[in-house]
1. Consider residue 12 against the criteria (1) at pLDDT 95 or above; (2) under 21 Å from residue 107 (Cβ atoms); (3) out of contact with any strand residue (DSSP E or B) (no Cβ under 6 Å at 6 or more places or on another chain): it satisfies all of them except one. Which criterion is unmet?
2. Looking at this structure, is residue 213 within 24 Å of residue 28 (Cβ to Cβ), assigned by TED's automatic domain parsing to the domain that holds residue 78 and assigned to a strand (DSSP E or B)?
3. Is it true that residue 37 is at pLDDT 95 or above, surrounded by 21 or more Cβ atoms within 10 Å (Cβ to Cβ) and either outside the structural domain of residue 260 (by TED's automatic domain parsing) or closer than 25 Å to residue 221 by Cα (or both)?
4. I'd like to check something: does the stretch 58-77 contain any residue that is surrounded by fewer than 13 Cβ atoms within 10 Å (Cβ to Cβ), part of a loop (DSSP other than H, G, I, E, B) and touching a strand residue (DSSP E or B) at 6+ places or on another chain (Cβ under 6 Å)?
5. Yes or no: the stretch 252-269 includes at least one residue that is out of contact with any strand residue (DSSP E or B) (no Cβ under 7 Å at 6 or more places or on another chain) and outside the structural domain of residue 77 (by TED's automatic domain parsing).
């Protein structure tokens, strides 16, 4: 994975004196992201834009977008954009595009807000083989920092509804989140077996939580409702090592991929606060 942090500031020359997060929409975040890329290479930007959502011919599942954008907020003000790339092939598009905007001191906009880029940092965050070698963990505390929600159908054929609670079968699903990203972008031989999913659903549980519902603007007239807060997950520490390792791997990947839906516009972002590992 590649992690790019773009620090931004209000463009006071254009009349914007601060960047309140309640004036920033998810579509605005994605809009400025693709605006910057399109200025640099329109053809590859279209390739990146259109990749997510296509059907994987091997599994029949939607292909996860190779990027996630999430806001970094301090004192309810937008201070930076965190861009995570799951396919290193797009680094040579995303990084130089933002560097060009920074060097030219271009003015960018999110809705009515005018901003400029102040710094850019890029690092190779993790590799899938390295994540796979993390020690087996049996307890984890996860902080959900932006609204998170999962789609589900209570009954086959019924309308899609939102689930506002981190059930294990939704956190680790082939439909969304870190498992979906892992199984598409990790080496083929490292894909997650169905046996792990069966084990996770039955053996990873919530020990405690401090959650609340909140909302974030998707568009000017459209809000996204989800949960935020801390959750302590536990599993049997004597479970097979390979299962606990994969859980640890996906917990770390989740801090890049996010959970649930609308992750490409900043929803479902998490931090892994602590883990307990088996020696």
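1. Result: residue 12 passes all but (1).
2. Values: within 24 Å of residue 28 (Cβ to Cβ): yes; assigned by TED's automatic domain parsing to the domain that holds residue 78: no; assigned to a strand (DSSP E or B): yes.
It is false that residue 213 is within 24 Å of residue 28 (Cβ to Cβ), assigned by TED's automatic domain parsing to the domain that holds residue 78 and assigned to a strand (DSSP E or B).
3. Working: at pLDDT 95 or above: yes; surrounded by 21 or more Cβ atoms within 10 Å (Cβ to Cβ): yes; either outside the structural domain of residue 260 (by TED's automatic domain parsing) or closer than 25 Å to residue 221 by Cα (or both): yes.
So residue 37 fits the description; yes.
4. Within the stretch 58-77 (the criterion being surrounded by fewer than 13 Cβ atoms within 10 Å (Cβ to Cβ), part of a loop (DSSP other than H, G, I, E, B) and touching a strand residue (DSSP E or B) at 6+ places or on another chain (Cβ under 6 Å)), the answer is no, since none of the residues qualifies.
5. Within the stretch 252-269, the first condition is being out of contact with any strand residue (DSSP E or B) (no Cβ under 7 Å at 6 or more places or on another chain), and the residues that meet it are 253.
Pick out the ones that are also outside the structural domain of residue 77 (by TED's automatic domain parsing) and you get 253.
Yes, the stretch 252-269 has at least one match.
Residues are listed down the side, and each one gets a yes or a no for (1) surrounded by fewer than 20 Cβ atoms within 10 Å (Cβ to Cβ); (2) more than 19 Å from the chain's Cα centre (by Cα); (3) in a strand (DSSP E or B); (4) not assigned by TED's automatic domain parsing to the domain that holds residue 230:
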residue: 134; (1), (2), (3), (4): yes, yes, no, no
residue: 140; (1), (2), (3), (4): no, no, yes, no
residue: 144; (1), (2), (3), (4): no, no, yes, no
residue: 147; (1), (2), (3), (4): no, no, yes, no
residue: 151; (1), (2), (3), (4): yes, no, yes, no
residue: 155; (1), (2), (3), (4): yes, yes, no, no
residue: 158; (1), (2), (3), (4): yes, yes, no, no
residue: 166; (1), (2), (3), (4): no, no, no, no
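So that you can scan it fast, the table gives a plain yes or no per residue for (1) in a helix (DSSP H, G or I); (2) touching a residue at least 24 places away in the same chain (Cβ under 8 Å):
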site: 5; (1), (2): no, yes
site: 29; (1), (2): yes, yes
site: 37; (1), (2): yes, yes
site: 81; (1), (2): no, yes
site: 92; (1), (2): yes, no
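The values are calculated or read from the model by the stated rules, or taken from the named source; none is laboratory data. Computed from a prediction, not measured in an experiment: that's the story for all the values here. No Cβ is skipped: glycine too gets one built from the backbone with ideal geometry, and neighbour counts run over all protein chains shown.
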